[in-house]
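Inspection log for the structure reproduced underneath, given as structure tokens.
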Amino acid sequence: MFINVPFPECLAFGAISTPEWKTTLAENQGGWTHANQVWSQCKHSYDVSTAVRLLSDYQMVVEHFNEVRGRANTFPFQDPMDSAVGPERGVALYVSPGVFQLGKRYGAVNPYYRKITRPVGPVPLRNGGAMTPGSGAGQYQIDTSTGLMVIGADQTRTISSHSVGSTHQFTLSSALSPNVSIGGYVFVSGVAGTAASRLNGIPLQVTAVSGAVLSVSVATTGLTASGGTLAVRVAPAELSWSGGFRVPVRYGVDRLPGQILNRGQDYLVQATSIILTEDRE
């Protein structure tokens, strides 16, 4: 269970941060090496024992350790070396129509997209401009316990009729205003018939527009379709965000050894094996 009791930030600042991938290597008789990437996501761990120097430090850790019950629960940790996102690296990963997962991009040639589940003070941007929170058209809501962002549709229309063929055609209850451009994307939901799996919940690229009639690049020849709603929604490429984030972690062991080394004004303490490991969500 996740307990929203952050690890003391004054001690987190002195932690050793370790991002890790898991890879196996196999070398054949000819000396060629084959790499198998076992993990699809990077995993982080933190050695905070190096930050515990004084008895007061150790007492802070003991209090936190007992509050989260050792390894039993997870909690938020501020990585001192990587806990912020700027608009140039903040991404919104597509989950489903109108639902996006906040993430952070690393690299450009072969980018890695890290899932951010515990954002702090996220500010979403659309084409570089700040968005409005709420549940209305084009407005957003963010769940800071999952990193999921829900954005309302810009426009919706009831689908009056369908025409199947090499491209699929929708006739709407009224024309969109402003109308979608050729090459843009629309989403539909609630369509019934044998073409439903090719249409519902999928980004559909528009190939032709004439008033209230739209064609999309999906072949539905020989299939049936009826009903439903068409929506114009923000595209992932239009979105970015900035803010902070925390990493969900748990203690690596259920023991917390410590030893007083010197009785000075504030006792000098040695603590070992205080490892925090990321718990993927």
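Bear in mind that the values in this text are calculations on the coordinates, not laboratory data. What you see is a predicted model; the values in this text were computed from it and never measured. Here the Cβ is made from the backbone with ideal geometry for all residues, glycine too, and neighbour counts use every protein chain on show.
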(request) Calculate the spin-label point distance for Leu268 paired with Arg71, positioning each point 7 Å from the Cα along the beta-carbon direction, and give it in nanometres. (result) 3.3 nm
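When the chain is fully extended, how far beyond the present Cα-Cα distance does Ile3 get from Ser177, taking 0.36 nm per residue of separation? Mind dumping the intermediate values first?
On the way: separation 174, 0.36 × 174 = 62.64 nm, distance 4.66 nm.
Once the chain is fully extended between Ile3 and Ser177, it gains 58.0 nm.
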(request) Determine the calculated [θ] at 222 nm for the chain from helices alone, applying -39500 (n - 2.57) to every DSSP H run no shorter than 4 residues and normalising by the residue count; nearest 500 deg cm²/dmol. (result) -2000 deg cm²/dmol
(message) Quick check: pseudo-label points 7 Å beyond the Cα along Cα→Cβ at Ser96 and Leu125, how many nm apart are they?
(response) 3.0 nm
(request) Extending each Cα 7 Å along its Cβ direction at Cys42 and Glu27, get the distance between those two points in nm, one decimal. (result) 2.7 nm
(request) Identify, among Pro236, Gln155, Gly103, the residue whose Cα sits farthest towards the positive end of the charge dipole of the chain, taking +1 on the Cβ of Lys and Arg and -1 on the Cβ of Asp and Glu, with the dipole about the Cα centre. (result) Gln155
(request) Work out, step by step, the length gained on full extension between Thr132 and Cys10: first 0.36 nm times the residue separation, then minus their alpha carbon distance; give nm to one decimal. (result) 40.5 nm
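Suppose every Lys and Arg Cβ carries +1 and every Asp and Glu Cβ carries -1, with no other charges. What dipole size does the chain come out with about its Cα centre, to the nearest 20 debye? If you can, show how the numbers build up before the last one.
Details: 20 positive and 18 negative charges, 97 e Å.
Around 460 debye, computed over the chain.
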(message) Check which residues have an amide H placed less than 5 Å from Met131's amide H, if you skip close sequence neighbours.
(response) Arg126
(request) Output the peptides 130-137, 1-8 sorted from most to least packed, where packing is the average of other Cβ atoms within 10 Å over each peptide's residues. (result) 1-8, 130-137
(request) Please find the FRET efficiency linking Tyr112 to Ala192, where r is the Cβ-Cβ separation and R0 is fixed at 51 Å, and quote it to the nearest 0.05. (result) 0.80
(request) Measure nothing but the geometry: give the 0 to 90° angle between the long axis through the Cα atoms of 55-67 and the longest principal axis through the Cα atoms of the chain, rounded to 10°. (result) 50 degrees
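Normalising by the residue count of the chain, find the relative contact order in percent from Cα pairs under 8 Å and 6+ residues apart. The partial results should precede the final answer.
Details: 655 pairs, mean separation 66.0, N = 281.
Dividing the mean separation by the residue count of the chain yields 23 percent.
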(request) Using just the alpha carbons, could you tell me how many Å³ per residue the convex hull of the chain encloses? (result) 203 Å³
(message) From the phi angles alone, apply the Karplus equation (6.51, -1.76, 1.60; θ = phi - 60°) to region 227-235 and give each ³J(HN,Hα) in whole Hz, x where the residue is Gly or Pro.
(response) x, x, 10, 9, 10, 9, 10, 5, 8
(message) If neighbour count is taken as other Cβ atoms inside 10 Å, put Trp21, Trp32 in order from fewest to most.
(response) Trp32, Trp21
(request) Taking the dipole about the Cα centre of the chain, with the C-beta of Lys and Arg at +1 and of Asp and Glu at -1, give me whichever of Ser56, Ala92, Leu176 is farthest to the positive side. (result) Leu176
